[in-house]
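Below is one structure, written out as structure tokens; the observations come after it.
The values are calculated or read from the model by the stated rules, or taken from the named source; none is laboratory data. Please read these numbers as outputs of a predicted model, since none were measured by experiment. Cβ placement follows ideal geometry from the backbone for every residue including glycine, while neighbour counts extend to all protein chains displayed. Accessible surface areas use protein heavy atoms only, side chains included; no ligands, DNA or RNA. Shrake-Rupley method; radii C 1.70, N 1.55, O 1.52, S 1.80 Å.
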Amino acid sequence: MLQDTADFVEAETYFEKALCLLEDLPPYDKTTIQLIIVILTNLGACYRRTQKYECALQVYERALSFENNDINSLVAVYHNMATTYVAIGEYDHALSFYRRVLEMINGRENTIAYDLDKLKHEISKSMNFCVQNLSE
């Protein structure tokens with residue numbers, strides 16, 4: 001995947017093109033909505049990695065604007081939003097989104113497609129970082 005090769009600008013271009021193609025296909029069924037959300041989440045990650053933080057947050061908000069009850073895509077969007085807020089130093093917002101992720105995954109371990117131990121460890125570490133920076 002281009003996103004993994006650190007060629008984020010090129011990856012952004014492809015995600016934007018894919019998004020345009022899908023958005024030309026209304027009305028959206030559940031599968032199309034899920035695909036749009038995945039593309040938006042990946043596009044937001046590219047924006048974050050190229051320090052286009054406001055663009056990333058806008059894309060994540062757009063992903064959340066779709067009626068969606070898929071826990072995995074919600075976890076991805078909220079986690080990416082938290083990571084973006086950390087990058088811009090808005091630790092209170094980051095903590096809020098990390099808490100949402102933890103609430104979402106609590107008790108749903110069988111329906112989550114992530115390595116939950118790794119995710120929980122990463123969130124715990126990030127939350128501690130945020131708390132430390134809030135108190136300074």
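Considering only 14, 60, 85, the mean-square fluctuation computed in a Gaussian network model of the chain, springs between alpha carbons under 10 angstrom, is largest for 14. Listed by chain and number, the aspartates and glutamates whose C-alpha is less than 15 Å from the C-alpha of residue 120, apart from same-chain residues fewer than 8 away, are 103, 109. Compared with the dominant principal axis of the Cα atoms in the chain, helix 71-87 is inclined by about 60°.
The calculated P(r) of segment 38-117, using every Cα pair and 10 Å bins from 0, goes 20, 51, 27, 2 in percent.
Rolling a 1.4 angstrom probe over the chain with all protein chains present gives an accessible area of which 51% lies on carbon and sulfur atoms. The protection proxy used here, the mean number of other Cβ atoms lying within 10 Å of each residue, ranks peptides 31-40, 87-96 as follows, highest first: 31-40, 87-96.
For the chain, a Gaussian network of Cα nodes joined below 10 Å ranks 64, 74, 21 by mean-square fluctuation, and the top entry is 21.
Counting only residues at least eight positions apart within a chain, or on another chain, the lysines with an alpha carbon under 28 Å from that of residue 125 are 52.
Measure nothing fancy, just the Cα-based angle from helix 53-64's long axis to the longest principal axis of the chain, in degrees from 0 to 90, nearest 10. Its long axis makes an angle of about 70 degrees. Based on C-alpha pairs under 8 angstrom that are at least 6 apart in sequence, the chain has a relative contact order of 18 percent. In this Cβ point-charge picture (+1 for Lys and Arg, -1 for Asp and Glu), segment 1-121 has a dipole of about 280 debye about its Cα centre.
For the residues 113, 76, 63, a GNM of the chain with alpha-carbon springs under 10 Å puts the largest fluctuation on 113.
Please grab the % of Cα pairs in the chain that end up more than 18 Å from each other. That tail contains 57 percent of the Cα-Cα pairs.
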